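Worksheet: one structure, shown below.
The values are calculated or read from the model by the stated rules, or taken from the named source; none is laboratory data. Source: prediction; values computed, not measured. Cβ coordinates were reconstructed from backbone atoms using ideal geometry, including for glycine residues, and neighbour counts include every protein chain displayed. Just the protein is used for accessible areas: all its heavy atoms, side chains included, with ligands, DNA and RNA removed. Shrake-Rupley method; radii C 1.70, N 1.55, O 1.52, S 1.80 Å.
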Amino acid sequence: MQNLPEKIRSKKLSTQVDLTAMVSVSFLLIIFFMVTIELSKPKVLEYGTPDCDDCGERYGCNMPDENRSMTILLDGNNKMITYCGLLSYPIDAPKEVKYGKNGIRQKLLERSKKVYEYSAERGKRGRGITVIIKPSKKSNYGNLVEILDEMKITGIKSYAVVDYYTPEETKLLAEK
């Protein structure tokens, strides 16, 4: 019986399945769906309308408080004109101002201080100045950058760059 060939038994393979790849794919899918759900949610942008103290009980009044506004007109040859309030009834008359620490920065700090005091008197502490920057087609990019730097230095957070000139403002730039 020893001459008979022995039966070779086959090795039994493990019946366990490696699920590592499946777990990785499932986590990636979960993360993907979480991100897409978050991105598809509607986002709401808060639209802040200007305050109006003389509105009475009307809701949604959007009349601006001209006591809190200052306009800076930029023109060619480093020319800059500022006024506060409305041009037809200015609080501070239009005046040509120079760039730098003793020019526009000092004017912005003084006006900002007055506006904070005005807001405190009206019972609305912390409401600062709103600066409207209007560069003309003749002004250069460097002038705009200098004004934006002054906004940062003086701590004014509420400002807008507008490219619209009223006829009165165009006439004012031509005169000065």
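So the values come out like this:
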{"read-out": "Positions within region 71-94 being surrounded by fewer than 13 Cβ atoms within 10 Å (Cβ to Cβ) and either in a strand (DSSP E or B) or in contact with a His (Cβ under 8 Å, 6 or more places away or on another chain) (or both), in sequence order", "value": "Ala93"}
{"read-out": "Residue within region 146-160 that is acidic (Asp, Glu) and without any contact (Cβ under 8 Å) to a residue 40 or more places away in the chain present", "value": "yes"}
{"read-out": "Tally, over region 135-176, of residues that are assigned to a loop (DSSP other than H, G, I, E, B), surrounded by fewer than 18 Cβ atoms within 10 Å (Cβ to Cβ) and of a type in the set (S, T, N, Q)", "value": "4"}
{"read-out": "Filter result for Ile132 (within 26 Å of the chain's Cα centre (by Cα), in contact (Cβ under 8 Å) with a residue 40 or more places away in the chain and assigned to a helix (DSSP H, G or I))", "value": "no"}
{"read-out": "Test: residue in region 140-147 that is at pLDDT 85 or above, within 23 Å of Glu168 (Cβ to Cβ) and touching a helix residue (DSSP H, G or I) at 6+ places or on another chain (Cβ under 8 Å)", "value": "yes"}
{"read-out": "Cβ pairs under 8 Å, 6+ apart, first in region 62-77 and closer than 26 Å to Ala174 by Cα and modelled with pLDDT under 90, second assigned to a loop (DSSP other than H, G, I, E, B) and of a type in the set (Ser, Thr, Tyr)", "value": "Glu66/Tyr89; Asp75/Ser136; Asp75/Ser139; Gly76/Ser136; Gly76/Ser139"}
{"read-out": "Unmet requirement for Tyr118, which otherwise passes all of (1) open to solvent by less than 90 Å² (accessible area, probe 1.4 Å); (2) modelled with pLDDT of 75 or more; (3) assigned to a loop (DSSP other than H, G, I, E, B); (4) over 28 Å from Asn140 (Cβ atoms)", "value": "(3)"}
{"read-out": "Residue check for Ser26: modelled with pLDDT under 75, among the hydroxyl-bearing types (Ser, Thr, Tyr) and on the phi < 0 side of the Ramachandran plot", "value": "no"}
